[in-house]
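Accompanying notes for the structure given below.
The values are calculated or read from the model by the stated rules, or taken from the named source; none is laboratory data. Keep in mind the model is a prediction, meaning the values are calculated, not measured. Methodologically, a virtual Cβ is constructed for each residue, glycine included, from the backbone with ideal geometry; neighbour enumeration extends over all protein chains shown.
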Amino acid sequence: MACFTLLAPWQLGKNTDTERRNDLIRTATSLETAPIDDVAPGSAFDPETEWREVSVTGRYLEDRQALVRLRNVKERPAIEVLTPFAVSGSDRVVLVNRGFVRPTEGAVPDIPPPPAGEVTIAGRIRAAESVSNDRGAGDQDGVLTVPSINPGLVGGATGTKLDEFYLQLSKDQPGALGEIELPHLDSGPYLSYGLQWLAFGIMAPLGVGYFLWAEIKARRRAAEASAPESSEPRSGGTTEQTAAAESPDEAHAAAAVVRTPTPTKGAPESRAERKRRMREELRAAAGASVTRQVGQIGQGPTSEESASDKLNRRYGG
């Protein structure tokens, strides 16, 4: 269930967001740079204008600068530098991401200052990043630090009213530091991941059902193998009754063998019991045959005679 309600929608949603971002970048890069008042006349952020490159004239407010630590640029640690920019001829102040510098161990790195006085810069409109509730602005060695690029967070820490969006400074602009390049225009693996989660959500119940069916089938076969192979009635109750129809000699020999009663009709008989009964019947039959042969070959009359009777009969007396 989680595959359909959580994991697959999560990956497919990321794919949709990436596709939308790529479309906006393609559109923005195909347009000429325009004045900020033409693209974003107010302080509110319009998602349709993201990635548009705009020009603005004003001055940097270096004393309200903030650093964003724990960033990753070109697969290496980086610190991004945020400097508010006062727009000339208005009371608007726009937060500008000037680029990045590499961190130094145990100290704040040297950051080149922005140019003083009025300048004209170009940058791309970007949406504010989210802010974690348990993380806010801080101070490190007298320098303001923030966990993300959020104009509201920087404005609250510096007492400055900033527009809801920020500008990503373009390459070779006044005050620019290390360039933060545009994202690669690929969809990423999100679509394939989403389809894999959907496939797994379908196959997993089918697999469980198959194994349950196979287990039930195996148990049924085992139960059938342990049950009596035939329900046909057996002739003769015991070997004792069979011996009654045989000759006296056979009956006398069979009486010396332990008689094993046949199982009661309808009672289950295991395979081991059936084999044991057959061996005992074979032994009884073999004993009867030997007894009959001994009585027929070289044996005198079966009636009992005394020694004197035998001598008198042979020599007269």
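Summary table below
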quantity: Test: residue 128 is of a type in the set (Gly, Ala, Ser), assigned to a strand (DSSP E or B) and surrounded by 16 or more Cβ atoms within 10 Å (Cβ to Cβ); calculated: no
quantity: Matching residues in the range 160-187 - criterion: being on the phi > 0 side of the Ramachandran plot and in contact with a Lys or Arg (Cβ under 8 Å, 6 or more places away or on another chain); calculated: 175
quantity: Test: residue in the range 108-118 that is under 16 Å from residue 173 (Cβ atoms), touching a strand residue (DSSP E or B) at 6+ places or on another chain (Cβ under 8 Å), of a type in the set (A, V, I, L, M, F, W, C) and buried (at least 22 other Cβ atoms within 10 Å of the Cβ); calculated: no
quantity: Long-range neighbours under 6 Å by Cβ, at least six apart or interchain, first residue aliphatic (A, V, I, L, M) within the range 134-148, second in a loop (DSSP other than H, G, I, E, B); calculated: 143/108; 146/137
quantity: Residues of the range 118-130 satisfying the condition of being modelled with pLDDT of 95 or more and either within 40 Å of the chain's Cα centre (by Cα) or not hydrophobic (A, V, I, L, M, F, W, C) (or both); calculated: 118, 120, 123, 124, 125, 126, 127, 128, 129
quantity: Matching residues, the range 159-183, being of a type in the set (Val, Ile, Thr) and surrounded by fewer than 19 Cβ atoms within 10 Å (Cβ to Cβ); calculated: 160
quantity: Residue tally, condition at pLDDT below 95 and of a type in the set (Val, Ile, Thr), over the range 74-104; calculated: 1
quantity: Residue match in the range 125-135 (condition: of a type in the set (A, V, I, L, M), assigned by TED's automatic domain parsing to the domain that holds residue 83 and out of contact with any helix residue (DSSP H, G or I) (no Cβ under 9 Å at 6 or more places or on another chain)); calculated: no
quantity: Selection status of residue 53, acidic (Asp, Glu) and within 29 Å of residue 117 (Cα to Cα); calculated: yes
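For (1) free of Cβ contacts under 8 Å to residues at least 12 places away in the same chain; (2) among the β-branched types (Val, Ile, Thr); (3) surrounded by fewer than 17 Cβ atoms within 10 Å (Cβ to Cβ), each residue gets a yes or a no:
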residue: 56; (1), (2), (3): no, yes, no
residue: 60; (1), (2), (3): no, no, no
residue: 80; (1), (2), (3): no, no, no
residue: 93; (1), (2), (3): no, yes, no
residue: 97; (1), (2), (3): no, no, no
residue: 100; (1), (2), (3): no, no, no
residue: 106; (1), (2), (3): yes, no, yes
